[in-house]
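Inspection log for the structure reproduced underneath, given as structure tokens.
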């Protein structure tokens, strides 16, 4: 590796050792790929990402808080019918993206 360029400590060894061996066009393509990955992982939660039957009650900087009717999954429960009148809730959930860009859902406890 050139003396004036050092890899960040967090960079895996195989990348720290492999990237300096690449030609400029490969490094440019890699840079574009990395930029696209970052953009995808930082992509905000869109209303299309949440269930159609969820009602948005708060638009947060990193996602949405919604009210949803849910199934509990227990055999023989009335909610298994799928009918809106048989569902549990509504309960509040927050939809957001975690650090790796995965869409997550967490229960909001308003007690």
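Observations on the model:
- Considering residues of region 72-111 that are part of a loop (DSSP other than H, G, I, E, B) and in contact with a strand residue (DSSP E or B) (Cβ under 7 Å, 6 or more places away or on another chain) only, the residue surrounded by the most Cβ atoms within 10 Å (Cβ to Cβ): 87
- Test: residue in region 100-111 that is on the phi < 0 side of the Ramachandran plot and over 27 Å from the mean Cα position of the chain (by Cα): no
- Scanning region 50-71 for residues that are surrounded by 14 or more Cβ atoms within 10 Å (Cβ to Cβ) and either in a loop (DSSP other than H, G, I, E, B) or within 18 Å of the chain's Cα centre (by Cα) (or both) turns up 50, 54, 63, 64, 65, 66, 71.
FYI, it's all coordinate maths here, none of it is from the lab. Note that the structure is a prediction, hence the values are computed from the model and not measured. Please note: Cβ atoms are built from the backbone with ideal geometry, for glycine as well, and neighbour counts cover all protein chains shown.
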